Amino acid sequence: MLILGGGTVGLYTARRLRKRLGRREAAIVVVDPRPYMTYAPFLPEVAAGSIDPRHVVAPHRFALPGIDSLQGKVSRIVHAERKVEVTPEEGDPYWVTYDHLVVGLGAVARTLPIPGLAEVGVGFKNVEEAIALRNHVLGRIDLAASTWDPELRERMLTFTFVGGGFAGIEALAELEDMARDAVEGYETISPEDLHFVLVEASPRILPEVSAELGGYTLDQLRKRNIDIHLSTFLKSCVDRHVVLSDGTEYDSETVVWTAGVKANPVLADSDLPLDQLGRVRCSATLQVADEDGTVVEGAWAAGDCAAVPDLLNPGQFCPPNAQHALREAKVLGDNMAAYLRSAPVHEYKHSNVGTVASLGMHQGVAQMFGRFKVRGLLAWFLHRTYHLYAMPTLNRKFRIASGWTATLLFRREVVALGTLHDPRAEFRAAAVPPTKPGSAGAAKDAAKDAAKDAADPEVAAEAQREATEEE
Ligand SMILES: Cc1cc2nc3c(=O)[nH]c(=O)nc-3n(C[C@H](O)[C@H](O)[C@H](O)COP(=O)(O)OP(=O)(O)OC[C@H]3O[C@@H](n4cnc5c(N)ncnc54)[C@H](O)[C@@H]3O)c2cc1C
């Protein structure tokens, strides 16, 4: 059995299958470019420094006993021939054959062709982005504190978030909370100097909860001086100069894009039936099915990349969230095992337990069972309790809870480790032999090298500036 993607669906399906089927009955293989599953609902707290990044990931090798893992990207799916092409980070692509396929490839950021976005924007989908964003925000505060140029300082302290859904609002609120905490340690910057901006295309935020809770969240954010632009589009952010559709223009060093997701684009290069949004078509039993409902033998799918009918809301599909992905995965595992034993399969049906969101330390909103609305400290507590319960492995739950306890006793860590993103820069500069003794040539070459190699465009820009100054 081949499971594509080792995220929420991949991990929970593999575990369920291993529980239901003995090792002699089935070999299970999970393919993912990352060797770990990320629990995304905790990413905003990772960015805010309330949780250690390593604690929100469950390594496949330990979380999936009795299951093989292949590290690589699925690049093609040819279900008619029961084979999948895997492209590893190093080495040539290879084909893996299978009898049964599970598609759990998740979603990617849905972007628009906005001038400058590809160059300056950053997403908020994975743990690497959460770490980078945290270091970036803290790094800009450090830089702002070290300049006398008022324009540069304002640009450094302006942070733009595009998208007012759950992920965007949580990321904005947590990072703003962290930044306010961080500036307490600076004599030259006060919380009023921070300028956080939210841009949302629709007239409201948090469409996942009632209008009342969405309105409450807006009020809370405005009280924190967050500048909110509703019914507004990002028109351009070329060279970090932001232009909004309501005519507002300003410079912002940071543009975070959280304006929705779309199904994994690799599915477009497959022979599986897709809907108009590029998701794999499924029946409620989580078997891949053609538009007319005919089941495609040997293929199953769930999670953000699948169009799973929502039987409790006829005509609609299950929303892309962890709550559904996790539960679908368990039903999928049970159904696959049942199918192999010629037992009946069951339809996936789940009514939403609720939605919980954190808005920074001790603040949150929650809507439970569609009716009960909770705000403030209690909602924040519900958010932490629910997600701690849902976090895979006891090991990770314990580590997260210990980290929270430490943050209650001491303050959270607000140090920027910006050099994480180019750890070789200093060594490169030291290792390049000087062209002429005492000349500035060596430093110049090293800086040019750094500019060439740096993965982070800012590191590259910084190195280029250094090189030019030397010249
Ligand atoms: C910041 C953020 C906050 C969120 N907060 C919440 C929340 O509070 N509550 C909630 O219910 N949901 C939340 N979600 C949504 C939730 O995390 C997802 O709906 C859920 O993880 C979907 O599970 P999945 O298995 O379909 O996809 P994922 O968990 O994303 O897994 C997809 C896997 O596929 C892998 N993959 C991608 N491309 C390839 C490829 N080509 N080949 C092989 N593998 C590949 C990825 O590496 C990943 O491991 C949040 C999401 C984000 C980003």
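The values are calculated or read from the model by the stated rules, or taken from the named source; none is laboratory data. Keep in mind that this is a model prediction, so the values were computed, not measured. Here Cβ is always computed from backbone atoms with ideal geometry, including for glycine, and neighbour counts include all displayed protein chains.
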(message) I'd like to know if the range 251-265 contains one or more residues that are more than 16 Å from the ligand (Cβ to nearest atom), under 24 Å from the mean Cα position of the chain (by Cα) and among the charged types (D, E, K, R).
(response) yes
(message) Here are the criteria: (1) more than 22 Å from the chain's Cα centre (by Cα); (2) surrounded by fewer than 18 Cβ atoms within 10 Å (Cβ to Cβ). Tell me which single one Ala201 does not satisfy.
(response) (1)
(request) Would you confirm whether any residue within the range 388-400 is out of contact with any helix residue (DSSP H, G or I) (no Cβ under 8 Å at 6 or more places or on another chain) and modelled with pLDDT under 90? (result) no
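Every residue in the range 370-404 that is among the hydroxyl-bearing types (Ser, Thr, Tyr) and more than 25 Å from Leu133 (Cβ to Cβ), please. Step through it out loud before you land on a result.
Going through the range 370-404, the residues among the hydroxyl-bearing types (Ser, Thr, Tyr) turn out to be 385-386, 389, 393, 402.
Within the range 370-404, Thr385, Tyr389, Thr393 meet the criteria.
Any chance you could count how many residues in the range 27-81 are hydroxyl-bearing (Ser, Thr, Tyr) and more than 12 Å from the ligand (Cβ to nearest atom)?
1
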(message) Of the conditions (1) in the same structural domain as Gly364 (by TED's automatic domain parsing); (2) more than 15 Å from the chain's Cα centre (by Cα), Phe166 satisfies every one except a single condition; which number is it?
(response) (2)
(request) Counting only residues that are away from the ligand (no atom under 15 Å from the Cβ) and more than 26 Å from Leu277 (Cβ to Cβ), give me the strands (runs of 3 or more DSSP E) lying completely in the range 320-416 with at least 2 of them. (result) 372-375
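Here's the yes/no breakdown for (1) buried (at least 21 other Cβ atoms within 10 Å of the Cβ); (2) of a type in the set (Lys, Arg); (3) out of contact with any Ser or Thr (no Cβ under 7 Å at 6 or more places or on another chain):
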position	(1), (2), (3)
Thr217	yes, no, yes
Ile226	no, no, yes
Cys237	yes, no, yes
Val242	yes, no, no
Tyr250	no, no, no
Val255	yes, no, no
Pro265	no, no, yes
Ala268	no, no, yes
Ala284	no, no, yes
(request) Can you give me the number of residues within the range 289-320 that are without any contact (Cβ under 8 Å) to a residue 24 or more places away in the chain and within 27 Å of Val56 (Cα to Cα)? (result) 0
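Looking at the range 367-390, which of its residues are under 17 Å from Ala173 (Cβ atoms), in contact (Cβ under 8 Å) with a residue 24 or more places away in the chain and not polar (S, T, N, Q)?
To start, the set of residues in the range 367-390 that are under 17 Å from Ala173 (Cβ atoms) comprises 367, 374-384, 387.
Imposing the further condition that a residue be in contact (Cβ under 8 Å) with a residue 24 or more places away in the chain reduces the set to 367, 375, 382-384, 387.
Across the range 367-390, the qualifying residues are Arg375, Leu382, His383, Arg384, His387.
Looking at this structure, is Arg396 of a type in the set (D, E, K, R) and over 18 Å from Ala322 (Cα atoms)?
Numbers: of a type in the set (D, E, K, R): yes; over 18 Å from Ala322 (Cα atoms): no.
No: the conditions fail for Arg396.
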(message) All but one of (1) of a type outside the set (Gly, Ala, Ser); (2) in a loop (DSSP other than H, G, I, E, B); (3) within 16 Å of the ligand (Cβ to nearest atom) hold for Asp292; state the number of the condition that does not hold.
(response) (3)
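Considering only the range 13-26, how many residues are within 10 Å of the ligand (Cβ to nearest atom) and either farther than 18 Å from Gln71 by Cα or without any contact (Cβ under 8 Å) to a residue 40 or more places away in the chain (or both)? Quick ask: steps written out before the conclusion?
Within the range 13-26, the first condition is being within 10 Å of the ligand (Cβ to nearest atom), and the residues that meet it are 13.
Filter once more, so that each one left must be either farther than 18 Å from Gln71 by Cα or without any contact (Cβ under 8 Å) to a residue 40 or more places away in the chain (or both): none.
Qualifying residue count for the region: 0.
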